[in-house]
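For reference, the structure discussed in these notes is given below.
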Amino acid sequence: MDSYEKSLQTLELPAVLALLAAQAVSETARTQAMALRPSGDRAVVATRLGETSAAASMMVVKGSPSFSGVKDVRAALQRADMGGALNTRELLDIAGVLQAARCVRSYGTGERQDKTSIDYLFSALQANRFLEEKIFTSITGEDEIADSASSELASIRRLIRAASARVHDALQKIISSPSYAKALQEPIITMRDGRFVVPVKIECKNEVKGLVHDTSSSGATVFIEPMAVVDANNEIRMLQNEEQLEIDRILQEFSERIGQVADATRDSFAALLQLDLLFAKSRLADKMKATVPELNEDGIIEFRKARHPLINKEKVVPVDIRLGDGFDTLVITGPNTGGKTVVLKTLGLLTLMAACGMMLPVATGSRAAVFTHVLADIGDEQSIEQSLSTFSSHIVKIIEILTIADTKSLVLTDELGAGTDPTEGAALAVSIITALRQ
């Protein structure tokens, strides 16, 4: 892990991204939230914040759109695009994406005149209501195809039901007949290997003419298919084979239709993920009572009433932080447990959040700067891995930071020079700060 990634960990960006992921609906959007990284490009950051702000404004007026049913269908779409057959679960997932695309597009392009920076995402959503509804009405469960999926399937199933009824009638006569009462273990009809049978006592198996299909675990019962129903059972088996062939044909037909719209559906899925993440940012901003800061790339930071997002908002003490306007170095002093480290972490974390396109828990009128790097040496833990003392560990981190830092970097250090002689530590701290300023 390089110094930049270590700094993101030190400033607890992953913990904030976990809060963001919890607000996303789809699993893929949650994964994207956790993978979000700050940008050092002001134009990119401005676009990100503008899109989050647009989503937040829409949410105030219309609430959040629904992203339920958005599953990762990219692998299924690729297979359909290549002519492969999809299973019922994959088809239902794709229908769910089509439904979400239709509903979210309607949400975004409904009755409103004003244009927003995220209109292009709503426009990228392509509905196919006919295919969506055809899949949902034809596939009623993960392993269940409705009779209405095709006229041929409905016809085959009618024949299966008729043949099954004939078998049941014939077997009902057998189990109700006094002549078979002593031979039967129980007067019931059951199934073995997809064929209707009756349970017969092992010592009476010769009294019921038919085919033996199974024996009970105790060996006391044999399951016999009486000769009177063999032909009807054979007919059912053949019809079931025809039914499966028709189901396979239906699934293949749906797969071909999806293959024809695979590119459009893929684009819709990508747009849904972006929108899911944007509205997750908006919901998190609402929870944090966050605002959009004014951006600059001149290193000017002015956070008003800033609150650390990981500390309970009922307990956190808001703080004003200013840097870069009139002075480029800020040294914070004060007693232990006075909140110095919290201020440092708040400054770094909010800067990273802004660079990720997230609104900040600050008062309106705040300003945030875009940096190429945000580098932090905070914490007094020893480096067990490298057998380093607290002081040595700090120095190793500072050397890494000095190697990476440029004129567009924000550097945060806590207790600089700690862990050694106070006089020498103070002199070293001054030297490091001078080097960083240069």
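Below are the figures for this structure:
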{"item": "Check on E27, more than 30 Å from G299 (Cβ to Cβ), of a type in the set (D, E) and out of contact with any His (no Cβ under 6 Å at 6 or more places or on another chain)", "result": "yes"}
{"item": "Verdict on G69 being more than 25 Å from I378 (Cα to Cα), without any contact (Cβ under 8 Å) to a residue 60 or more places away in the chain and open to solvent by less than 70 Å² (accessible area, probe 1.4 Å)", "result": "yes"}
{"item": "Residues of region 367-378 satisfying the condition of being at pLDDT below 95 and of a type in the set (G, A, S)", "result": "A376"}
{"item": "Breaking point among (1) open to solvent by 70 Å² or more (accessible area, probe 1.4 Å); (2) modelled with pLDDT of 85 or more, for A429", "result": "(1)"}
{"item": "From the options V60, V44, V16, residue that is over 24 Å from F269 (Cα atoms), free of Cβ contacts under 8 Å to residues at least 12 places away in the same chain and not in a loop (DSSP other than H, G, I, E, B)", "result": "V60"}
{"item": "Count of residues meeting criterion [touching a residue at least 24 places away in the same chain (Cβ under 8 Å) and in a strand (DSSP E or B)] in region 218-236", "result": "5"}
{"item": "For T88: the one exception among (1) of a type outside the set (A, V, I, L, M); (2) touching a strand residue (DSSP E or B) at 6+ places or on another chain (Cβ under 9 Å); (3) more than 29 Å from D248 (Cβ to Cβ)", "result": "(3)"}
{"item": "Output for region 389-412, where each listed residue is in contact (Cβ under 8 Å) with a residue 60 or more places away in the chain, surrounded by 17 or more Cβ atoms within 10 Å (Cβ to Cβ) and among the β-branched types (V, I, T)", "result": "I401"}
{"item": "Selection within region 138-151 - more than 24 Å from the chain's Cα centre (by Cα) and touching a residue at least 12 places away in the same chain (Cβ under 8 Å)", "result": "S138, I139, D143, E144, I145, A149, S150"}
{"item": "Top-ranked residue in region 8-39 [being over 17 Å from P309 (Cβ atoms) and among the hydroxyl-bearing types (S, T, Y); ranked as surrounded by the most Cβ atoms within 10 Å (Cβ to Cβ)]", "result": "S26"}
{"item": "Top-ranked residue of region 413-426 - restricted to ones that are open to solvent by 50 Å² or more (accessible area, probe 1.4 Å) and not in a loop (DSSP other than H, G, I, E, B), ranked as nearest to G299 (Cα to Cα)", "result": "A426"}
{"item": "Subset of region 171-227 (residues that are among the hydroxyl-bearing types (S, T, Y) and either surrounded by 16 or more Cβ atoms within 10 Å (Cβ to Cβ) or in contact with a strand residue (DSSP E or B) (Cβ under 8 Å, 6 or more places away or on another chain) (or both))", "result": "Y180, T190, T215, S216, T221"}
{"item": "Region 242-279: number of residues that are open to solvent by 70 Å² or more (accessible area, probe 1.4 Å) and of a type in the set (A, V, I, L, M)", "result": "1"}
{"item": "Single unsatisfied condition, E142 versus (1) open to solvent by less than 80 Å² (accessible area, probe 1.4 Å); (2) within 30 Å of L92 (Cα to Cα); (3) at pLDDT below 85", "result": "(1)"}
{"item": "Among (1) at pLDDT 95 or above; (2) not in a helix (DSSP H, G or I), the one test that P65 misses", "result": "(1)"}
{"item": "Scan of region 80-115 for residues that are open to solvent by 10 Å² or more (accessible area, probe 1.4 Å) and touching a residue at least 60 places away in the same chain (Cβ under 8 Å), ordered by number", "result": "D81, M82, G83, G84, A85, N87, T88"}
{"item": "Of all residues making up region 280-308, the number that are under 28 Å from the mean Cα position of the chain (by Cα), within 20 Å of V44 (Cβ to Cβ) and open to solvent by 30 Å² or more (accessible area, probe 1.4 Å)", "result": "1"}
{"item": "Selection count where residues are among the acidic types (D, E) and exposed (fewer than 15 other Cβ atoms within 10 Å of the Cβ), scope region 228-241", "result": "1"}
{"item": "Verdict on I311 being over 24 Å from S26 (Cα atoms), of a type in the set (V, I, T), in contact with a Lys or Arg (Cβ under 7 Å, 6 or more places away or on another chain) and loosely packed, with under 15 Cβ neighbours inside 10 Å", "result": "no"}
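The values are calculated or read from the model by the stated rules, or taken from the named source; none is laboratory data. This one's a predicted model, so the numbers in the text were calculated from it and none came from an experiment. Neighbour counts are summed over all protein chains in view; Cβ atoms, including those assigned to glycine, are modelled from backbone coordinates with ideal geometry. To get the accessible areas, we keep the full protein, side chains included, count just its heavy atoms, and leave off ligands, DNA and RNA. Shrake-Rupley method; radii C 1.70, N 1.55, O 1.52, S 1.80 Å.
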